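**Q** Got a structure for you, questions after.
The numbers here are math on the coordinates, done by the rules we state, and not lab data. Note that the coordinates shown come from a computational prediction; the quantities given were computed from them, not determined experimentally. All Cβ positions, glycine included, derive from the backbone under ideal geometry; neighbour counts span all protein chains shown.
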């Protein structure tokens, strides 16, 4: 007899707006407080204290326009946020400061979240959707110099880029970008040369979100339809469909694979969070707490596996935090 | 009558005279039946015979020319045979020209399509005659685009003229079209306007087909006029006329269907879907699952039986429905859709709750717009309105009838009001409609009335059945099982449905003038009154309704729109069927006599075929009434 799904460990309230993005920062040594950063539709970034379950500070840097991406760069003192005011802001949060140190004007009016990749100490590559419809620009941070612009060939009709993931196989190798587009295809780009390595049409509808496991060279993408698509990358750098999984209700906003690559979580338009085993995509749990579309899911980066958490932000303005499969 | 060939110079005028005299006495068929095939044979290759033939017809005296020409036109098997037989008679002889270009095309309309084809083909075959063809086309277009012709001429004549126009168009060559392009365009615009204005769907369709064809001809490149209408045999036949069929033997006796098979529309080439293969074959590496230790098995799944498809729940209470529909929360589109779908059954299940808010609900439904697109929105809304009206008839009927004559409603909304009143009246008066099984039956009148055009046909059937049931009363016993009888709920409310509608028809408002432009709505109103009258049989107010209706009909009896006149005649039918005979004769004798003479007039002189038939039916009904009275001993 299977157990009923667990309840959330706790629920964070107080954003007063739909939550679009979440990011944990819990990896620091003991005196550091585990934090959760959330970006909301009203333009605020809330810094949640996971011990007290209260907001430590609220950052207002996007002119009250919705924030749809937050990421930390080297610990919790440097934060990157992206908002609908067409800007990417870099924050300095050390020692209680809350100031924007730098910003990039992207001129991107869509919802495509940027992707960060640390290439060396103090240097990152950032992939972001640019001003022109189908292009992706790679910038180097913090210098903000453009590394290259990835333009699909004329007539490819890919549409807007919807989701991005920069990764490299190991520290020295070439960075590559996986981009999901409006026409339902996932494209693998070689960043340094700026050309397409492989393209795979995974969905009939726009790709809403994707995540990639570089160890197993396997990735997963979700779209507005009822199908999850799992694809793999072979030695020739070609994308192939590995498997598809049909969902009960259509629409996926976000997918994320846990850092230990054992499970993954999807955020659904049907208000539910689904947990799957990553190896064979075995459905493990359906977490039904929210009363509106779940916009984002994120796993924590606790060093102690027992403390690992999963957070989900929804349009109903709540962030649910779960402890699930933490024992493995 | 045989001819002796061979170089003789004979005078044929005597033969012409004989031919003419025979034709004028009505024996065209006999004599031309022999003559025409013989002449066709002889003139096939022999020029002399052709000339003899031409002399023959040219010498027919003017007073008999018409009969002869008409006979030839009707008997000739094809256009070039006609051309061989008549030659340039139409150019040389004034009378023949008049017959061919005016009389057959504009003044008569009983000829078959084949005759038209032959005639117009004949005109197109010779350069001298082509000017006549153009002139004919111009005159046909003038008639087609004249609004009084559209309003007053019978439908058959309009069909005939349309066919002639299409055949002319098919014969025109490029330079000729160039020269009269402007005029074609102007007539097309004029004619289109008059035809679309008409209340009869058949005329509207005719106008659309002809306008499309003209547009096709004059705009060889660039966008072409395209209407949306239902294709049926008539439109297909008309369209096939545009394509010039080769002028071989097209015997007039062939049915027209054969020709429609040659319709020139190119078969749409189905684009082959040569899409490049998308998803590569899924790679199923079997080795992986064996080799690695399945640490996934350590993860025990939770119970997921609750994970079902997400269904948006519709509200369960009527007041909640009202809130959603007047909704400030316009984002909740799914809920709105679920509410609209569930509303009718909710109303029917909760009559008491509905009665509390009935007028408000009626108001909301009347103004409800289709916010997101749902399938069957119109039908769902109508069913909900009918449900509300039948649950609480009196206040809602008062509201709806008052809104019918109010300012600032669209024509569509006013006609919706009429439809809803009729459907509700049907439901209230018919006991069967209360059972659950009858909901499928309720759909049929719904759809019919939405289309609006078929109510006369439906009518005729009902009236016919009623007449049948009344006249054979003495022969048939009760062979049918009686349905469970219920009190006629329409009885108490019939007056509220009927009288307010009839009250203000002659009072124009700024946006709504029944007696003026909005004659379509007037037509629908009249038909609605006829149905309400019919359903009011055996109610208490039926006599008062009858009197009011008769006065109404009398006031409008000379209306120019044939749809309105058909409605008026239906009103008289339902009146005669519903009001008990004794009441009719007691209260309405003089009016009935006047009506009878009016009906006689309509039956003889009305241009519309349906009106004449309805008038005849009414006169028959009146006869039956009289007979019934004579049977009953005084």
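**Q** Considering Cα pairs under 8 angstrom that are at least six residues apart, work out the relative contact order of the stretch A:107-246 and quote it in whole percent.
**A** 14 percent
**Q** Pull out a ≥ b ≥ c, the square roots of the eigenvalues of the alpha-carbon gyration tensor of the stretch A:107-246, then state rounded if a/c is under 1.5, prolate if not and a/b is larger than b/c, and oblate in the remaining case.
**A** oblate
**Q** Moving to a separate point now. Contact order normalised by length for chain A, with contacts defined as Cα pairs under 8 Å and 6 or more residues apart; what percent is it?
**A** Relative contact order here is 14 percent.
**Q** Counting other beta carbons within 10 Å of each residue's own, what order do B:570, B:145 fall into, fewest first?
**A** B:145, B:570
**Q** Just need the relative contact order of the stretch B:318-429 here, percent rounded to a whole number, with Cα pairs under 8 Å and 6+ apart.
**A** 28 percent.
**Q** For an R0 of 41 angstrom, estimate the FRET efficiency from the Cβ-Cβ distance between residue A:140 and residue A:226 and round to the nearest 0.05.
**A** Efficiency at R0 = 41 Å is approximately 0.55.
**Q** When a footprinting reagent is the concern and you count Cβ atoms within 10 Å, what order do B:336, A:167 take, fewest first?
**A** Listed from fewest to most nearby Cβ atoms, that is A:167, B:336.
**Q** Calculated FRET efficiency, residue A:234 and residue B:298, Cβ-Cβ r, R0 25 Å, to nearest 0.05?
**A** Computed FRET efficiency for residue A:234 and residue B:298: 0.30.
**Q** Also: Roughly speaking, what is the stretch gain from residue B:126 to residue B:17, that is 0.36 nm per residue apart minus the C-alpha to C-alpha distance, in nm to one decimal?
**A** Contour length minus the Cα-Cα distance gives 36.5 nm.
**Q** Roughly how many nanometres apart are two label points built 7 Å out from the Cα toward the Cβ at residue A:193 and residue B:628?
**A** 9.6 nm
**Q** If you don't mind, there's one more thing I want to ask. Shape verdict for the stretch B:124-245, please, from the Cα gyration tensor: rounded (a/c under 1.5), prolate (a/b greater than b/c) or oblate.
**A** Prolate is the answer for the stretch B:124-245, as a/c is 1.5 or above and a/b outweighs b/c.
**Q** Give me the distance between the Cα centres of the stretch B:106-131 and the stretch A:130-191, rounded to whole Å.
**A** If you average the Cα positions of each part, the centres end up 71 Å apart.
**Q** Here's something else I'd like to know. Shape call for the stretch B:496-630 from the C-alpha gyration tensor, a ≥ b ≥ c root eigenvalues: rounded (a/c under 1.5), prolate (a/b greater than b/c) or oblate?
**A** It comes out oblate by the Cα gyration axes.
**Q** Using R₀ = 51 Å, calculate the FRET efficiency as 1/(1 + (r/R₀)^6) where r is the Cβ-Cβ separation of residue A:248 and residue B:94; round to 0.05.
**A** The value I calculate is 0.05.
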